[in-house]
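Taking it in order: structure first as structure tokens, then the write-up.
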Amino acid sequence: MTTRWKVWLAAFGIFAAGLAAGSLITVGLGARALRRALQAPADAARVTPIDRAVNRIHDELTDELGLTPEQSASVRAELAHSASEVKRLRVETVAQVRRTLETAVHRIGARLTTEQRTKLDELTAKRFARVGWTYTPAPAEKTIPGK
């Protein structure tokens with residue numbers, strides 16, 4: 001093999017290694033960010049994207065509309081109230097999504113053999129764990145409506 005091909009092969013190997021490492025890091029960070037977003041409590045001490053949006057909207061309205069200090073304070077209070085409502089809805093929605101998914105798995109499990117149900121529970125527990133949730137299998141004797 002000529003030296004030129006060795007150089008190209010080495011460059012390609014370095015590129016491929018960088019691509020693989022970057023992909024793995026991106027997937028890991030994305031999964032971590034998803035887990036944190038789903039588990040995050042809606043407390044006032046944590047700055048969330050909705051808080052940043054409130055600040056951005058407030059600043060834009062104050063600048064573009066020429067709000068007085070009193071109007072600006074009133075607008076900020078209204079935006080803060082809306083933000084707290086959005087946070088509350090997010091927490092409720094995530095909990096509802098989790099319950100809905102768990103119920104769906106229980107209903108599916110009711111249609112399976114014991115071995116299949118055991119495997120389904122294992123797979124679901126792993127999937128739930130990826131986003132920081134705990135899966136509770138349905139009791140074996142539980143009957144599911146609509147079966």
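Residue check: is Thr124 out of contact with any Pro (no Cβ under 7 Å at 6 or more places or on another chain) and exposed (fewer than 15 other Cβ atoms within 10 Å of the Cβ)? Considered against the rule, which asks whether it is out of contact with any Pro (no Cβ under 7 Å at 6 or more places or on another chain) and exposed (fewer than 15 other Cβ atoms within 10 Å of the Cβ), Thr124 comes out as no.
Whether a residue is part of a helix (DSSP H, G or I) and exposed (fewer than 12 other Cβ atoms within 10 Å of the Cβ) was assessed, and Ala83 does not pass this test. Remark: pairs (first residue in the stretch 78-91, among the charged types (D, E, K, R); second residue in a helix (DSSP H, G or I); Cβ separation under 7 Å; 6+ apart in sequence or on different chains) = Lys87/Ile50.
When the stretch 96-147 is filtered for residues that are among the hydrophobic types (A, V, I, L, M, F, W, C), under 26 Å from Thr48 (Cβ atoms) and at pLDDT 90 or above, the ones remaining, listed by number, are Val97, Leu101, Phe128, Ala129.
The set of residues in the stretch 30-56 that are farther than 19 Å from Thr93 by Cα, in a loop (DSSP other than H, G, I, E, B) and either under 13 Å from the mean Cα position of the chain (by Cα) or modelled with pLDDT of 85 or more (or both) is empty. Taking residues in the stretch 45-66 that are farther than 16 Å from Ser82 by Cα and among the polar types (S, T, N, Q), and partners anywhere that are assigned to a helix (DSSP H, G or I) and at pLDDT 90 or above, the pairs with Cβ atoms closer than 8 Å and at least 6 places apart or on different chains are Thr62/Ser72; Thr62/Val75.
Kindly establish whether Arg117 is basic (Lys, Arg) and not in a helix (DSSP H, G or I). Taking the combined requirement at face value, the residue does not satisfy it.
The values are calculated or read from the model by the stated rules, or taken from the named source; none is laboratory data. All of these numbers come straight from a predicted model, not from anything done at the bench. Note: ideal-geometry Cβ built from the backbone for every residue, glycine included; neighbour counts use all protein chains shown.
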